[in-house]
């Protein structure tokens with residue numbers, strides 16, 4: 001007896017599902033064209049009778065995980081120079097052989113490698129150039145030897 005009931009109700013249940021889906025087909029079709037993910041999900045929820053209010057996204061939520069190329073797509077492009085020429089205001093040689101260079105424009109740069117062939121002094125003109133993958137190369141203006149550097153202030 002239970003197999004007879006199961007055979008009868010299974011097709012009836014499937015037909016009821018198809019009828020319900022057909023009733024919402026126009027509304028669901030309208031949702032497909034929506035580009036914004038949150039708005040599209042809200043459209044599907046309304047079409048299927050779900051009344052779920054999505055929490056508003058905060059700025060931190062929308063920027064989470066953005067880095068590199070993705071972040072550049074979200075932010076307007078800023079014109080950043082490829083090289084900057086500065087004068088050294090003061091020099092501090094560190095114990096590991098690197099230099100901390102305070103510049104005349106209030107920036108402080110640290111060399112990331114040591115060199116016995118380059119020595120810095122106040123009033124030296126230096127050029128900082130963008131390197132590969134966000135790195136920077138620092139050199140004296142009248143020399144061709146460069147050192148990797150990072151801005152510390």
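Among 102, 89, 95, 149, which is over 30 Å from residue 42 (Cα atoms), surrounded by fewer than 10 Cβ atoms within 10 Å (Cβ to Cβ) and modelled with pLDDT of 90 or more?
Unique residue meeting the criteria: 95.
Under 7 Å by Cβ, and 6 or more places apart or on different chains, what pairs join a residue from region 105-124 that is free of Cβ contacts under 8 Å to residues at least 40 places away in the same chain with one that is surrounded by 15 or more Cβ atoms within 10 Å (Cβ to Cβ) and assigned to a loop (DSSP other than H, G, I, E, B)?
Every condition considered, the pairs that remain are 111/98; 112/98; 114/98.
Which condition number does residue 144 fail, the rest of (1) in a loop (DSSP other than H, G, I, E, B); (2) under 30 Å from the mean Cα position of the chain (by Cα); (3) within 19 Å of residue 82 (Cα to Cα) being met?
(2)
What residue, of 118, 127, is surrounded by 13 or more Cβ atoms within 10 Å (Cβ to Cβ) and in a loop (DSSP other than H, G, I, E, B)? If you could, list the steps in order and put the result at the bottom.
On the way: 127 fails: in a loop (DSSP other than H, G, I, E, B).
Criteria check complete, one pass: 118.
The values are calculated or read from the model by the stated rules, or taken from the named source; none is laboratory data. None of the values given here were measured: they were computed from a predicted structure. Note that we place each Cβ from the backbone using ideal geometry, even for glycine, and neighbour counts take in every protein chain shown.
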